[in-house]
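S.K.: Here it is: the structure, laid out below.
The values are calculated or read from the model by the stated rules, or taken from the named source; none is laboratory data. These numbers come from a predicted model, not from an experiment. Note that we place each Cβ from the backbone using ideal geometry, even for glycine, and neighbour counts take in every protein chain shown. Calculation scope for accessible area: heavy atoms of the full protein, side chains included, ligands and nucleic acids excluded. Shrake-Rupley method; radii C 1.70, N 1.55, O 1.52, S 1.80 Å.
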Amino acid sequence: MNIWRIETCKAATGYRSTASIYNLIKKGLWPKGVSIGMRSVGWPSDEILAINAARIAGQSDDQIRELVNRLHAKRIELVTV
């Protein structure tokens, strides 16, 4: 697993603007960023790949929101193990 910055996420998903990704976060359709510095965030690559796979599979927005919730829960599990 790697932590991808916003430009890598945009390239991997086809989004052209940073605002697109932050709007998806607000809608619950994209995982929240992980702090990697005082003013820097990134996203675990496996989470972005999972979102891509869900979109390719034609999952609905509700299904993708559920996936995002599971991905966030998985982060907590990793910390407590």
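S.K.: Under 17 Å Cα-Cα from Lys10, which aspartates and glutamates qualify once same-chain neighbours fewer than 8 residues away are excluded?
M.R.: Lys10 reaches Asp46, Glu47.
S.K.: Could you tell me what percent of the accessible area of the chain is made up of carbon and sulfur, with a 1.4 Å probe and every protein chain present? Don't skip to the end; give the middle numbers.
M.R.: Details: 2920 of 5370 Å².
So the carbon and sulfur contribution to the accessible surface is 54 percent.
S.K.: Kindly report the accessible area of the stretch 1-79 per residue (heavy atoms of protein chains, probe 1.4 Å, no ligands, DNA or RNA), in Å².
M.R.: Numbers: 5110 Å² over 79 residues.
Accessible area per residue, the stretch 1-79: 65 Å².
S.K.: Over the chain, what relative contact order in percent results from Cα pairs under 8 Å that are six or more residues apart? Intermediate values should be presented prior to the final figure.
M.R.: Details: 63 pairs, mean separation 25.3, N = 81.
About 31 percent, as a whole number.
S.K.: For the stretch 1-46, what size does the Cα cloud have along each of its three principal axes, sorted from largest down, in whole Å?
M.R.: Cα extents, longest axis first: 22, 19, 18 Å.
S.K.: Take each of the peptides 42-51, 4-13, average the number of other beta-carbon atoms within 10 Å over its residues, and list them starting from the highest.
M.R.: Values: 42-51: 18.9, 4-13: 15.3.
Result, highest mean first: 42-51, 4-13.
S.K.: Here's a follow-up. Just to be sure I follow: if Rg is taken over the C-alpha atoms of the chain and Rh is the Kirkwood radius over the same atoms, what is Rg/Rh?
M.R.: Using only Cα positions, Rg/Rh for the chain is 0.95.
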